[in-house]
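Novice: Okay, handing you the structure first.
Every read-out reported here was derived from the displayed coordinates using simple, explicitly stated rules and does not represent laboratory data. Just so it is clear, the structure is predicted and the values come from calculations on it, not from any experiment. Glycine gets a Cβ as well: all are built from the backbone with ideal geometry, and neighbour counts include every protein chain shown.
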Amino acid sequence: MNQQFGGDWTQQKIEIVVSYARAYLTIMNKYPQFRTLYFDGFAGSGSISKEESEIDTVKGTAIRILEIDSPKTFDMYYFVEKNGAYKKDLEATIKSDFSIRNAFVVNEDCNKKLIDLAKFLKKERDFRVLAFIDPYGMVVKWSSIQALSGLGVDLWILVPTGIGVGRLLKNDGNISDGWYSKLEDFLGIKRGEIKERFYKEVSMQDLFGADITLHYKESNSIQKIHALYKERLSTVFRFVSDAFVLRNSQNSIMYHFVMATNNEAALKIANHIVKPKYKL
Ligand SMILES: C[S@@+](CC[C@H](N)C(=O)[O-])C[C@H]1O[C@@H](n2cnc3c(N)ncnc32)[C@H](O)[C@@H]1O
């Protein structure tokens with residue numbers, strides 16, 4: 001079962017993670033004291049359809065990463081996929097084509113598995129992790145990211161600045177309690193701070209002299225959402241890379257794709273990969 005291809009940016013995102021993984025394995029090959037783990041929180045089925053028909057397909061990131069064998073493979077692969085059918089498909093491909101890899105596929109929620117990953121890394125101190133978090137929308141809770149604090153994880157994360165957070169921050173500031181709690185869970189900050197960051201409050205009197213308060217959304221809000229998420233990531237990781245900006249066919253920003261790490265060399269590689277080839 002193939003997943004739908006989102007456009008050129010789907011391919012660009014895959015190429016960024018694969019390029020980074022190659023560089024990562026080249027470096028880690030020099031440090032045999034560390035074991036390497038590839039953690040994919042939204043792994044998919046292993047293939048993505050370019051068209052409605054299932055004929056024109058591209059390999060998903062999971063397969064592209066499993067294919068890398070030089071200078072070394074990852075010592076372990078952990079794929080998380082919440083859709084049971086996709087999980088089975090990915091597992092079947094791994095069984096038939098990559099049976100020699102030390103790979104696990106689980107049918108779970110990524111948030112739970114990020115917490116489990118953090119617990120695992122606190123026990124198994126010699127593991128270094130390349131994690132790829134590729135959700136549709138605002139599924140990843142801030143608490144799941146926060147759990148990774150202080151651990152040896154390089155985290156590529158697709159942040160739904162335009163299609164997720166940007167859509168919930170309505171222009172008139174009239175946001176339901178449900179949407180505020182979604183924003184709070186995602187950003188890890190309280191409603192008051194969200195209001196302060198994104199809205200100007202203007203008090204005035206209406207035509208009949210009654211006091212009213214109007215809310216205006218700050219301009220450039222998508223860039224401000226990106227800046228805020230980067231700031232949040234910087235409370236967990238020492239470094240956050242420049243963003244690769246994913247736009248739809250109308251040129252509107254959908255996502256910012258960034259890498260967070262505690263390692264300065266990793267930051268430099270990520271910035272190098274994101275910038276020259278893929279800048280939009
Ligand atoms: C954007 S697609 C992943 C594409 C994949 N990374 C690739 O490059 O081939 C997102 C996937 O996440 C799965 N998913 C959605 N919510 C999830 C969750 N909470 N935990 C884990 N997987 C989830 C969906 O079923 C879908 O297959």
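Novice: List 80, 106 from most exposed to least, where exposure is judged by having the fewest other Cβ atoms within 10 Å.
Specialist: Placing the least packed residue first, the sequence is 106, 80.
Novice: Oh, and also: What is the mean projected area of the alpha carbon convex hull for the chain, to one decimal in square nanometres?
Specialist: Mean projected area of the Cα convex hull: 16.7 nm².
Novice: What is region 14-131 by shape, rounded, prolate or oblate, if you read a ≥ b ≥ c off the alpha carbon gyration tensor as root eigenvalues and call it rounded for a/c under 1.5, prolate for a/b larger than b/c, and oblate otherwise?
Specialist: It comes out oblate by the Cα gyration axes.
Novice: Could you go through region 267-273 in sequence order and give the Karplus-derived ³J(HN,Hα) for each residue, using 6.51 cos²θ - 1.76 cosθ + 1.60 with θ = phi - 60°, rounded to whole Hz, and x for Gly and Pro?
Specialist: 4, 4, 5, 4, 4, 5, 5
Novice: Another question about this same structure. Listed highest first by mean packing, meaning other Cβ atoms within 10 Å per residue, what order do 9-15, 192-198 come in?
Specialist: Highest mean packing first, the order is 9-15, 192-198.
Novice: Just list whichever of 182/230; 13/195; 13/113; 200/275 have alpha carbons separated by over 28 Å in the model shown.
Specialist: 13/195; 200/275
Novice: Also, quick follow-up: Suppose only helical runs count, i.e. DSSP H with n ≥ 4. What mean residue ellipticity at 222 nm does that imply for the chain under -39500 (n - 2.57) per run, divided by all residues and rounded to the nearest 500 deg cm²/dmol?
Specialist: -11500 deg cm²/dmol
Novice: Long-range amide H contacts for residue 60: which residues qualify at under 5 Å (H placed 1.01 Å from N, peptide plane, sequence gap of 5 or more or a different chain)?
Specialist: When sequence neighbours closer than 5 places are left aside, the close amide H contacts are 46, 47, 48.
Novice: Compute the angle between helix 177-187 and the longest alpha-carbon principal axis of the chain, please, reported from 0 to 90 degrees and rounded to the nearest 10.
Specialist: Taking Cα atoms only, the helix is inclined about 50 degrees.
Novice: Taking Cα atoms, how many degrees apart are the long axis of helix 110-123 and the longest axis of the chain, rounded to 10 and kept between 0 and 90?
Specialist: 60 degrees
Novice: Taking just the alpha carbons, could you work out the radius of gyration and Dmax for region 164-280, both in angstroms?
Specialist: Just the Cα atoms of region 164-280 yield Rg and Dmax of 17.7, 63 Å.
Novice: Under 5 Å between amide H atoms, partner at least 5 residues away or on a different chain: which partners does residue 199 have, H built in plane at 1.01 Å?
Specialist: Residues meeting the amide H criterion: 218.
Novice: Counting alpha carbon pairs within less than 8 Å and at least 6 residues apart, what relative contact order, in whole percent, applies to the chain?
Specialist: 17 percent
Novice: Here is a further query. Based on the mean of other beta carbon atoms within 10 Å per residue, what is the order of 25-31, 200-206, most packed first?
Specialist: Highest-to-lowest ranking by the protection proxy: 25-31, 200-206.
Novice: Could you run the Karplus curve 6.51 cos²θ - 1.76 cosθ + 1.60 with θ = phi - 60° over region 141-155 and give me ³J(HN,Hα) per residue in whole Hz, x for Gly and Pro?
Specialist: Taking θ as phi minus 60°, the curve returns 6, 4, 4, 5, 5, 4, 4, 7, 3, x, 9, x, 10, 9, 10 Hz for region 141-155.
Novice: Can you tell me what share of the DSSP beta bridges in the chain is antiparallel? A percent to the nearest 5 is fine.
Specialist: 50 percent
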